Structures are given as structure tokens and as C-alpha cells.
Amino acid sequence: GESVGLHLPTLSVQEGDNSIINCAYSNSASDYFIWYKQESGKGPQFIIDIRSNMDKRQGQRVTVLLNKTVKHLSLQIAATQPGDSAVYFCAENIGSGGSNYKLTFGKGTLLTVNP
Amino acid sequence: NAGVMQNPRHLVRRRGQEARLRCSPMKGHSHVYWYRQLPEEGLKFMVYLQKENIIDESGMPKERFSAEFPKEGPSILRIQQVVRGDSAAYFCASSPQGRTTEAFFGQGTRLTVV
């Protein structure tokens with residue numbers, strides 16, 4: 001069954017504000033997580049990833065936080081821009097055991113940025 | 001270096017017809033993955049292939065669906081006798097090795113069964 005899910009299906013923010021998108025996972029064996037951005041009519045685009053031996057990782061304007069205790073993942077987008085409007089998916093992977101190619105996706109959160 | 005190329009982008013089939021979806025991986029990539037996305041859902045893993053080999057087809061429906069990745073040419077996802085429930089977006093990803101960390105997704109093929 002589904003092991004990755006989203007707390008909020010939609011999120012609307014003002015341009016310039018910070019956005020936080022949350023994700024819960026239930027498979028404690030997962031050791032690698034990715035956030036994807038999917039714009040309308042396009043394929044998923046890699047944003048940032050994090051391994052289970054870390055609790056925070058930063059990229060350009062994005063930060064991913066991992067709380068293994070409560071199996072929670074979040075994506076923070078700083079100074080959100082209209083071009084950030086998209087559906088955001090978290091995905092998990094079990095890197096060990098020979099199946100490090102298979103991703104399990106959550107249902108996604110639609111982020112809308114208002115100008 | 002072109003990205004992962006999928007064609008057609010949109011495909012309409014009548015119930016009972018066959019659908020063929022093509023995926024050309026990025027140059028230098030010999031590992032291909034197919035995912036299906038139902039409306040307002042996340043992507044679901046279907047199959048993982050290397051050249052001329054199916055590595056994991058645990059996400060493929062047992063009937064009507066098949067996939068191949070020949071030595072030459074694109075990977076093909078074939079759906080026989082399509083039904084309305086097959087309507088979805090089908091995405092292909094590729095990587096140089098069999099690791100998700102290096103996978104790039106194509107734009108997808110949107111299949112509509114009427």
C-alpha cells in the first residue's frame with residue numbers, strides 16, 4: 001500500500017513568502033528521499049534529495065528537513081516566485097537490498113504562488 | 001545532450017485497441033524505468049529495464065501490459081486491448097547506472113482511452 005503521503009493537498013502563498021510543503025512516510029526502511037517538482041504537462045523534475053543519515057540539506061532557495069523519529073519530511077522554498085507554482089512530490093527509496101532504483105511517490109501538493 | 005524523449009506526447013485509443021509508448025533514454029543511459037500517473041495521483045513504479053533485459057516488472061499489471069528495451073532503438077511500453085482505466089500519464093526515466101539518484105524523467109505520454 002501507499003507508504004508516502006502528503007499533509008496538505010494544496011498550498012497558496014504570496015510571492016516573496018516562504019513555502020513549506022510536508023510529507024509523511026511510513027516505511028522506516030526507507031533511507032533516501034527526493035523532492036520533485038512537476039509543472040503542468042511535464043515530467044517530474046528533481047529538486048533536492050536527502051539521505052537518512054542527514055536531517056537537513058540545503059540547495060538554492062530550497063531546504064529539505066528529515067525527521068526520522070516521526071517519519072516526516074518537509075520542503076522549504078524561500079522567497080517563493082510565480083515560477084515555483086507546480087505540484088510537488090516527495091518520493092522515497094530503499095537504497096539497500098538491491099532495489100535502489102524504485103521510487104515510491106506521495107500524492108503531491110499543489111503550490112500556487114499569487115503575485 | 002537531449003533529455004529523455006517520449007513519444008507520442010498524447011495518444012488517444014478506442015477501447016480494445018493497442019497502445020505503444022516509446023521512450024528514448026538520455027545519451028549514455030542504459031537503464032530505463034516506466035511509471036504510471038493517474039489523475040491527481042503520484043507516480044507508480046511499473047517496470048525497470050536494462051538493454052535487452054527486464055530487471056523488475058513487479059509494478060506491471062499481469063495482463064495486457066508488456067515492456068521491452070531492445071539492443072537498438074527505444075524502450076517500448078505496450079498495452080494491448082486498452083480499457084478506460086488505462087487512461088493515465090506514462091512517464092519514462094533513465095539513468096546511466098541502476099540508481100534512482102541519477103534518473104531523469106521524460107515529459108510523459110498522456111494516454112486517453114475513449
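The values are calculated or read from the model by the stated rules, or taken from the named source; none is laboratory data. Bear in mind that the values here come from a model prediction, so they are computed numbers and not experimental data. Reconstructed Cβ throughout: ideal geometry from the backbone, glycine too, with neighbour counts over all protein chains shown. Note: accessible area is taken over every heavy atom of the protein model, side chains too, but ligands, DNA and RNA are not part of it. Shrake-Rupley method; radii C 1.70, N 1.55, O 1.52, S 1.80 Å.
Odds and ends about this structure:
- Taken over segment B:59-79, the criterion of being part of a loop (DSSP other than H, G, I, E, B) and surrounded by 14 or more Cβ atoms within 10 Å (Cβ to Cβ) is satisfied by B:Gly59, B:Met60, B:Arg64, B:Phe69, B:Pro74.
- Put simply, of B:Arg15, B:Arg84 the only residue that is in contact with a helix residue (DSSP H, G or I) (Cβ under 7 Å, 6 or more places away or on another chain) and either surrounded by fewer than 18 Cβ atoms within 10 Å (Cβ to Cβ) or small (Gly, Ala, Ser) (or both) is B:Arg15.
- Matching residues in segment A:27-39 - criterion: being part of a loop (DSSP other than H, G, I, E, B) and either open to solvent by 30 Å² or more (accessible area, probe 1.4 Å) or facing chain B (nearest Cβ under 9 Å) (or both): A:Asn27, A:Ser28, A:Ala29, A:Asp31, A:Glu39
- Restricting attention to segment A:40-58, the residues that are assigned to a loop (DSSP other than H, G, I, E, B) and open to solvent by 40 Å² or more (accessible area, probe 1.4 Å) total 5.
- Criterion violated by B:Gln50 - all others in (1) touching a His at 6+ places or on another chain (Cβ under 6 Å); (2) more than 26 Å from A:Ala86 (Cβ to Cβ); (3) open to solvent by less than 20 Å² (accessible area, probe 1.4 Å) satisfied: (3)
- When B:Arg22, B:Arg36 are checked against the criterion of being open to solvent by 40 Å² or more (accessible area, probe 1.4 Å), closer than 17 Å to A:Leu103 by Cβ and in contact (Cβ under 8 Å) with a residue 24 or more places away in the chain, a single residue qualifies: B:Arg36.
- Condition check for A:Ser96: more than 11 Å from every other protein chain (Cβ to nearest Cβ), within 25 Å of B:Arg36 (Cα to Cα) and at pLDDT below 90: yes
- Qualifying residue in segment B:8-20 (condition: among the hydrophobic types (A, V, I, L, M, F, W, C) and at pLDDT below 95): no
- Test for B:Lys27: is it out of contact with any Asp or Glu (no Cβ under 6 Å at 6 or more places or on another chain), open to solvent by 20 Å² or more (accessible area, probe 1.4 Å) and on the phi < 0 side of the Ramachandran plot: yes
- If you go through segment B:87-107 and pick out every residue that is in a strand (DSSP E or B) and either surrounded by fewer than 17 Cβ atoms within 10 Å (Cβ to Cβ) or of a type in the set (S, T, N, Q) (or both), you end up with 2.
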